[in-house]
1. Examine the stretch 59-78 for a residue that is touching a Gly at 6+ places or on another chain (Cβ under 6 Å) and outside the structural domain of VAL267 (by the TED database), and state whether such a residue exists.
2. Tally the residues that are closer than 14 Å to GLY214 by Cβ, among the β-branched types (Val, Ile, Thr) and either in a helix (DSSP H, G or I) or free of Cβ contacts under 8 Å to residues at least 60 places away in the same chain (or both), restricting the search to the stretch 141-159.
3. For TYR138, state whether it is farther than 21 Å from THR271 by Cα, open to solvent by 70 Å² or more (accessible area, probe 1.4 Å) and touching a residue at least 60 places away in the same chain (Cβ under 8 Å).
4. Residues that are assigned by the TED database to the domain that holds SER106 and under 27 Å from THR147 (Cβ atoms): does the stretch 302-314 have at least one?
5. Out of curiosity, is LEU179 part of a helix (DSSP H, G or I), of a type in the set (A, V, I, L, M) and over 30 Å from LEU28 (Cβ atoms)?
6. Among the candidates GLY136, GLY86, single out the residue that is at pLDDT 90 or above, among the small types (Gly, Ala, Ser), in contact with a helix residue (DSSP H, G or I) (Cβ under 7 Å, 6 or more places away or on another chain) and within 15 Å of GLY214 (Cα to Cα).
7. Criterion first (open to solvent by less than 20 Å² (accessible area, probe 1.4 Å) and either touching a Cys at 6+ places or on another chain (Cβ under 7 Å) or charged (D, E, K, R) (or both)) does ALA100 satisfy it?
8. Against the definition (in the same structural domain as GLY277 (by the TED database), of a type in the set (Gly, Ala, Ser) and either in contact with a His (Cβ under 7 Å, 6 or more places away or on another chain) or crowded, with 24+ Cβ neighbours inside 10 Å (or both)), how does GLY214 come out, yes or no?
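The values are calculated or read from the model by the stated rules, or taken from the named source; none is laboratory data. What you are looking at is a predicted structure, and each value in this text was computed from that prediction instead of being measured. Positions of Cβ are generated from backbone atoms using ideal geometry, with glycine treated the same way; all protein chains shown enter the neighbour counts. Just the protein is used for accessible areas: all its heavy atoms, side chains included, with ligands, DNA and RNA removed. Shrake-Rupley method; radii C 1.70, N 1.55, O 1.52, S 1.80 Å.
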Amino acid sequence: MENESSLFTTAAVVSAPAHQPQIMDNPLQAYIVGIFISICGNVLISFSLNIQKYAHVRQAQRGSKPYYTSAVWWCGVILMGVGELGNFAAYGFAPASLIAPLGCVSVIASAVISVVFLKETVYTSDIVGGTLAITGTYLLVTFAPHTSTHITAHLVQYYFISWHFLLYLFIEVVLYCILLYLYKRRNVKHIVVVMLLVALLASLTVISVKAVSGMIAESIQGRLQLIYPIFYVMLVVMVASCGFQIKFLNQAMKMFDATEVVPINFVFFTTSAIVAGIIFYQEFEGLALLNIFMFIFGCLLSFLGVFLIARNRPKIKQQDRNFIEMNRIPGRTRTDKVQPEAKTQTYGSLAAKLMCNSAGQTDES
């Protein structure tokens, strides 16, 4: 009888739906590991950005070799790769709705590093913003979903063809086409339009990154997932969405200042990542209403903190031409545009030289 009951139990386990989420053996331990890896990765990214900035400044002062010949700059690039790899691995341990908001750690660490090592000015708003961001991060970690599931190929495939995700994907594609039409055809170059394009791509990036990272983690533990086609589908989605994200972000950095792009991108990216985690991976299922409210409140505090920190960062303006309009010179009235003569001692050439020098200093910094 005992053998028969064990056989029935085994059959029940085998016949259980393959798409049913299975909680990890030590969900709290995996949750903490994911948070720790994400925080370390974001700190390394902030170090790498400041190291690369220091290399740019030093090479500009010496004016001898290009920045990519500097060993310091390559150290920053390597640290950036390690930090991004850490963020990638963190998605395999903790919910995506938690890992994405932890990106504010990078902003906080970058502000601290720039003040300590690059001797940048610290403002009251920086202190207030850092305090709010840290408080928001604490609330996020405390009230986010604490369960971690095994991300298998069958589970990802089941989520991928579920009706709520297909509806979400349809709405996202329609919005993306409308925004792309406004941006490309109607020449609407507003920062919200560009950042929304990035955010819509970011939601697919978060979904695919967590799927790929989770399936790789399962394969390392002995449950091979790389033989299923859904793994390579998610891998292609991850690479393609990341590539287009980088494209639109670079265009935004050319058109707008970094103090505007960084906080808006953080808010839009985090929001899209949380929505994607809720819809695709159902991460808020069974979560108490108080936890949801405090989690949203923590996100809002982090958003406000990042805005306060970013508002006082030095602005970098692009100078597209080396001539000035004479009608804009104080005390002079002209309606035509002239190209100042560099060899004359006129007011226009002096202003042109000063403008060229300031533009060169801005580009070097």
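1. Applying the first criterion (touching a Gly at 6+ places or on another chain (Cβ under 6 Å)) to the stretch 59-78 yields none.
For the stretch 59-78, residues touching a Gly at 6+ places or on another chain (Cβ under 6 Å) and outside the structural domain of VAL267 (by the TED database): absent.
2. To start, the set of residues in the stretch 141-159 that are closer than 14 Å to GLY214 by Cβ comprises 147-159.
Now drop any that are not among the β-branched types (Val, Ile, Thr), which leaves 147, 149, 151-152, 156.
Pick out the ones that are also either in a helix (DSSP H, G or I) or free of Cβ contacts under 8 Å to residues at least 60 places away in the same chain (or both) and you get 156.
Result for the stretch 141-159: 1.
3. Working: farther than 21 Å from THR271 by Cα: no; open to solvent by 70 Å² or more (accessible area, probe 1.4 Å): yes; touching a residue at least 60 places away in the same chain (Cβ under 8 Å): yes.
Criteria not met by TYR138.
4. Within the stretch 302-314, one or more residues are assigned by the TED database to the domain that holds SER106 and under 27 Å from THR147 (Cβ atoms).
5. Working: part of a helix (DSSP H, G or I): yes; of a type in the set (A, V, I, L, M): yes; over 30 Å from LEU28 (Cβ atoms): yes.
It is true that LEU179 is part of a helix (DSSP H, G or I), of a type in the set (A, V, I, L, M) and over 30 Å from LEU28 (Cβ atoms).
6. Numbers: GLY136 fails: within 15 Å of GLY214 (Cα to Cα).
Only one candidate passes the filter, namely GLY86.
7. Values: open to solvent by less than 20 Å² (accessible area, probe 1.4 Å): yes; either touching a Cys at 6+ places or on another chain (Cβ under 7 Å) or charged (D, E, K, R) (or both): no.
Judged against the criteria, ALA100 is not a match.
8. Numbers: in the same structural domain as GLY277 (by the TED database): yes; of a type in the set (Gly, Ala, Ser): yes; either in contact with a His (Cβ under 7 Å, 6 or more places away or on another chain) or crowded, with 24+ Cβ neighbours inside 10 Å (or both): yes.
For GLY214, the condition - in the same structural domain as GLY277 (by the TED database), of a type in the set (Gly, Ala, Ser) and either in contact with a His (Cβ under 7 Å, 6 or more places away or on another chain) or crowded, with 24+ Cβ neighbours inside 10 Å (or both) - is met.
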